[in-house]
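A.B. asks: The structure under discussion is supplied below as structure tokens; questions concerning it will follow.
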Amino acid sequence: MIRALLLGLAAAAAFTPAAAQERTWMLRREPDPAQLAYATPATDDWVVAFTCREDSGQIIAAFPAAQALGVRQENGLWLDDVGRPAPWPISVTLSSGPYQTTIPGEAIVDASGEGSIVRVEFADRAPVAEAFADEGVIRLAALGAVVEPPPAPRGELRGFFRYCR
């Protein structure tokens, strides 16, 4: 699902000139779910993506991590080192402004099979989310990966949070 959303963002950003291949914040509200991502337009290079369904009050954050929890495939399923199939439960720490919380999330194998994609769901009214909406700054950490994108532009943030609420 995350890959499909990122491909949608890449398609929406396809009009971006070839010279502008730097990471940037991108907002896509149509079709539902909305997505706010820090990524390179028209590529598979992304740092973090936030999605939400209209008026849901819930945000899902996803980001890549180098640590691979999937160690082998059996019958088309990725298994961890003790034989459990994905998704694997993990803890994710979110920080923004003076707020920090560690909540349950999950990891799946990334498309290359050499790392993981971390996903975590949280309320758009949680203190960390409110601070992110106000300041545009967020930090996410799990599986040894720390994601600290530059501040998100106020217009994109407001549009995203209005959609979610």
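Only the coordinates and a few stated rules stand behind these numbers; no lab work does. Because the structure is predicted, anything quoted here is derived from the model rather than measured. Cβ: placed from backbone, ideal geometry, glycine included. Neighbour counts: every protein chain shown.
A.B. asks: Enumerate the whole-percent occupancy of each 5 Å bin, from 0 to the last occupied one, for all C-alpha pair distances of the chain.
C.D. replies: 2, 9, 18, 21, 20, 15, 9, 5, 1, 0
A.B. asks: Pick from 98, 41, 85: which residue has the top mean-square fluctuation in a GNM of the chain where Cα pairs under 10 Å get a spring?
C.D. replies: Judging by the Gaussian network model, the answer is 98.
A.B. asks: For the chain, what is the calculated [θ] at 222 nm in deg cm²/dmol (nearest 500), taking -39500 (n - 2.57) for each run of four or more DSSP H residues and dividing by its residue count?
C.D. replies: Result for the chain: -5500 deg cm²/dmol, rounded to the nearest 500.
A.B. asks: With charges only on Cβ, +1 for K and R and -1 for D and E, what is the dipole size of the chain about its Cα centre, in debye, rounded to 20?
C.D. replies: 280
A.B. asks: Is there a quick way to get the dipole size of the stretch 86-165? I mean about its Cα centre, with the Cβ of Lys and Arg at +1 and of Asp and Glu at -1; what is the value in debye to the nearest 20?
C.D. replies: 280
A.B. asks: Just subtract the alpha-carbon distance of residue 100 and residue 29 from 0.36 nm times their residue separation and send over the number in nm, one decimal.
C.D. replies: Stretched out fully, the residue 100 to residue 29 stretch lengthens by 22.8 nm.
A.B. asks: Sticking with this structure for a sec: Out of every Cα pair in the stretch 62-104, what percent are spaced more than 17 Å from each other?
C.D. replies: 46
A.B. asks: Let me ask something else about it. Any chance you could run the full-extension gain for residue 71 through residue 139? It's 0.36 nm times the residue separation minus the Cα-Cα distance, nm to one decimal.
C.D. replies: Between residue 71 and residue 139, full extension yields 21.7 nm more.
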